[in-house]
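Asker: Please find one structure pasted underneath; my questions will follow.
The values are calculated or read from the model by the stated rules, or taken from the named source; none is laboratory data. Keep in mind the model is a prediction, meaning the values are calculated, not measured. Backbone-built Cβ (ideal geometry, glycine too); neighbour counts: all protein chains shown. In case anyone asks, the SASA skips ligands and DNA or RNA and just uses the protein heavy atoms, side chains included. Shrake-Rupley method; radii C 1.70, N 1.55, O 1.52, S 1.80 Å.
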Amino acid sequence: FASLENVLQHDIITLHTPLTYTGDHPTHHLLNRKRLAGLNNDALLINACRGEVVDNQALLEILQETPDLKVALDVWELEPGINPSLLDKVHMGTPHIAGYSTNGKLNGTRKIFDDFCRFFSIANKGDQDSPSRLLMQGETGNTDIETISVNILNAYPIEKDFIERGLSPQQLATSFDLMRNNYCFRREFSDYALAANTIPFAILEKLKQVGIQAS
């Protein structure tokens with residue numbers, strides 16, 4: 001455990017909090033202008049929880065002042081009518097689909113089913129098996145980092161989830177909803193296995209840390 005001020009001094013910061021407005025530590029605009037201004041100039045900020053945890057207007061102003069700050073937003077204030085100017089400034093923007101993986105939907109469905117059976121005292125005989133792993137041929141790059149990157153992006157090509165830029169606010173809101181309502185089936189890293197003889201062992205060990213296994 002560490003103080004928020006200490007956490008915000010790191011190079012990579014990801015947000016996964018619930019959105020709360022009351023209590024001793026409300027998370028609404030947890031990252032306000034003062035805290036955003038205190039981030040390292042070349043840090044990477046990722047918000048994958050709720051848009052209102054970050055003050056989006058303040059974030060836009062900070063990005064205009066600190067172009068080296070990289071921001072990846074999956075969640076936004078005023079979804080789906082998000083701020084086009086902010087979208088143009090972020091390094092990566094996706095339409096609130098972080099939890100849209102096949103695994104996430106399966107786990108959510110299982111929990112509903114388990115709770116239903118528990119509430120009505122019904123014997124739960126549901127299938128608890130996980131989906132089988134998908135074999136993926138490994139690729140190598142010029143450096144270890146490139147090799148790691150290319151294989152992660154082969155498992156999940158996140159650029160396909162970018163929201164279209166250069167749209168009017170109304171078009172942007174429509175595009176946001178269309179991408180969410182027609183989202184593809186996406187597997188998680190833990191569902192993939194690389195052919196062991198295609199990638200150096202040391203790289204395989206690093207890829208295991210994100211869930212990709214060797215076969």
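Asker: So which aspartates and glutamates pass the test for K125, namely a Cα distance under 16 Å, with those fewer than 8 places away in the same chain ruled out?
Answerer: Excluding near neighbours in sequence, the set is D114, D115.
Asker: Between D68 and Q170, what is the FRET efficiency for a Förster distance of 25 Å, r being their Cβ-Cβ separation, to the nearest 0.05?
Answerer: It comes to 0.20.
Asker: May I ask you to evaluate 6.51 cos²θ - 1.76 cosθ + 1.60, the Karplus curve with θ = phi - 60°, for each residue of region 47-54 and list the ³J(HN,Hα) values in order in whole Hz, giving x for glycine and proline?
Answerer: My calculation for region 47-54 gives 10, 10, 10, 9, x, 6, 5, 10 Hz in order.
Asker: Which of D55, D68, D144 moves most in a GNM of the chain, Cα contacts under 10 Å?
Answerer: Of D55, D68, D144, the Gaussian network model singles out D144 as fluctuating most.
Asker: What's the longest piece of the chain with no exposed GluC sites (Glu not before Pro), counting a site as exposed if DSSP puts it in a loop and it has at most 15 other beta carbons within 10 Å?
Answerer: Details: sites that count: E139, E164.
Segment 1-138 is the longest.
Asker: To the nearest 20 Debye, how big is the dipole of region 9-128 about its Cα centre, given +1 on the beta carbon of each Lys and Arg and -1 on that of each Asp and Glu?
Answerer: Working: 11 positive and 15 negative charges, 98 e Å.
Magnitude of the dipole: close to 480 debye.
Asker: Springs between alpha-carbon pairs under 10 angstrom, Gaussian network model over the chain: which of S101, S175, S121 fluctuates most?
Answerer: In this elastic network of the chain, the residue with the biggest mean-square fluctuation among S101, S175, S121 is S121.
Asker: Name the residues whose placed amide hydrogens come within less than 5 Å of the amide hydrogen of V71, ignoring near sequence neighbours (fewer than 5 apart) on the same chain.
Answerer: L45, H91, M92
Asker: Only loop residues by DSSP count here, and only those with at most 10 other Cβ atoms within 10 Å; note down the trypsin sites (Lys or Arg not before Pro) in region 110-195 that meet that.
Answerer: Numbers: sites: R110, K111, R118, K125, R133, K160, R165, R180, R186, R187; in loops: K125, R133, R165, R187.
Here the trypsin sites (Lys or Arg not before Pro) that fit, given the DSSP loop and packing criteria, are K125.
Asker: Using Cα pairs under 8 angstrom and six or more residues apart, how large is the relative contact order of the chain, in percent?
Answerer: Once normalised by length, the contact order is 17 percent.
Asker: For mean projected area of the Cα convex hull in nm², several values are listed as (1) 15.7; (2) 12.3; (3) 11.3; flag the one computed from this structure.
Answerer: (1)
Asker: ³J(HN,Hα) across region 22-29 via Karplus (A = 6.51, B = -1.76, C = 1.60, θ = phi - 60°), whole Hz, x for Gly/Pro?
Answerer: Each residue of region 22-29 in turn: 10, x, 5, 9, x, 9, 4, 6 Hz.
Asker: What are the chymotrypsin sites (Phe, Trp or Tyr not before Pro) within region 106-208 that DSSP puts in a loop, where the Cβ has at most 11 other Cβ atoms within 10 Å?
Answerer: F120, F185
Asker: Okay, next question. For region 135-197, rounded, prolate or oblate, judged on the Cα gyration tensor with a ≥ b ≥ c (square roots of eigenvalues), a/c < 1.5 rounded, else prolate if a/b > b/c?
Answerer: Numbers: a/c = 5.45, a/b = 2.13, b/c = 2.56.
Oblate, since a/c reaches 1.5 and b/c is not below a/b.
Asker: Let me ask you something else. Looking at Q209, I82, I163, which one has the Cα that reaches farthest to the positive end of the dipole of region 77-215 (charges on Cβ: Lys, Arg +1; Asp, Glu -1)?
Answerer: The residue sitting farthest along the positive end of the dipole is Q209.
Asker: Among residues other than K34 whose Cβ falls under 14 Å from its Cβ, what is the net charge (Lys/Arg +1, Asp/Glu -1)?
Answerer: Charge balance in the 14 Å sphere: -2.
Asker: Short version: ³J(HN,Hα) in whole Hz for each residue of region 82-92, in order, from phi by Karplus 6.51 cos²θ - 1.76 cosθ + 1.60 (θ = phi - 60°), x for Gly and Pro, what are they?
Answerer: Values per residue, Gly and Pro as x: 6, 7, x, 5, 5, 4, 5, 8, 6, 6, 8 Hz.
Asker: Which lysines have a Cα lying under 25 Å from the Cα of K160, excluding residues fewer than 8 positions away in the same chain?
Answerer: Leaving aside lysines fewer than 8 places away in the same chain, those within reach of K160 are K70, K89, K105, K206, K208.
Asker: Quick one: putting +1 on the C-beta of Lys and Arg, -1 on the C-beta of Asp and Glu, what dipole do you get for the chain around its Cα centre, in Debye to the nearest 20? Before the final figure, lay out the partial values.
Answerer: Values: 19 positive and 27 negative charges, 123 e Å.
It comes to approximately 600 debye.
Asker: Accessible area of region 10-83 with a 1.4 Å probe: how many percent of it is carbon plus sulfur?
Answerer: Numbers: 1970 of 3880 Å².
The computed percentage sits at 51.
Asker: Then there's this: Give, rounded to the nearest 20 debye, the magnitude of the charge dipole that region 106-208 has about its Cα centre when Lys and Arg contribute +1 at Cβ and Asp and Glu contribute -1 at Cβ.
Answerer: Result for region 106-208 is approximately 300 debye, rounded to the nearest 20.
Asker: Of S149, S190, S132, which is the most mobile in a GNM of the chain whose springs link Cα atoms less than 10 angstrom apart?
Answerer: Fluctuation is largest for S132.
Asker: Can you check how the C-alpha radius of gyration of region 68-130 compares to 2.2 N^0.38 Å, as a plain ratio?
Answerer: This ratio for region 68-130 stands at 1.75.
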